[in-house]
Amino acid sequence: MNVPEPVMSLAVSPVSKDSGGQFSKALNRFQREDPTFRVGLDAESGQTIISGMGELHLDIYVERIRREYKVDATVGKPRVNFRETVTQRADFTNCIRSKVEGRAIRKGQVIPSNFVSAIEKGFKEAANSELAFKLAAIYAFRQGKGEFTMEYKEHSPVSNDVQMQLVNTYKVTKAAE
């Protein structure tokens, strides 16, 4: 019998640790019943990954877990572990870009010594921030190359209520993952 490869994957986990046995029982049964439904454990992230023939296929199984086994399950996208790391020292030139009359001008300047500690602190904070990496990746892809700039024409302050709304939205999406 020819069984096609899965086309979609989701990360699932039981909401409560107490229902882990029923959750495993359901996944094992579904996997025995349907050869196109696959269950695996991602060794790097520790997530249980279900794979199937599409979103509807997987949604049906998640709903069956809830209905037949009375287990609430959290569903989300599988996490991807980044494998890039600094492997060697690289020389660089401090370069400041500015726009003058619509043209980009590069100015090579040495960073004053009194700014070095603040720059290092900012770099370390950004290097440990998941949001910073996400933003860098988004802007790099939008530009179509592996570099991006954060140039803007003017800065408008954001009101406190908009800031709180953005923070709350971020917290909700983070909690859903």
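The values are calculated or read from the model by the stated rules, or taken from the named source; none is laboratory data. Computed from a prediction, not measured in an experiment: that's the story for all the values here. Cβ atoms come from the backbone with ideal geometry, glycine included; neighbour counts cover every protein chain shown. Note: areas computed on protein heavy atoms with side chains; ligands, DNA, RNA excluded. Shrake-Rupley method; radii C 1.70, N 1.55, O 1.52, S 1.80 Å.
Looking only at the stretch 9-36, how many residues end up being touching a residue at least 40 places away in the same chain (Cβ under 8 Å) and open to solvent by 60 Å² or more (accessible area, probe 1.4 Å)?
Qualifying residue count, the stretch 9-36: 3.
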- Message: Which condition from (1) closer than 21 Å to A176 by Cβ; (2) loosely packed, with under 13 Cβ neighbours inside 10 Å; (3) touching a strand residue (DSSP E or B) at 6+ places or on another chain (Cβ under 8 Å); (4) of a type in the set (A, V, I, L, M) is the one that L41 breaks?
- Response: (1)
- Candidates R83, R79, R66 - the one that is farther than 23 Å from K174 by Cβ, open to solvent by 40 Å² or more (accessible area, probe 1.4 Å) and either among the charged types (D, E, K, R) or at pLDDT below 90 (or both): R66
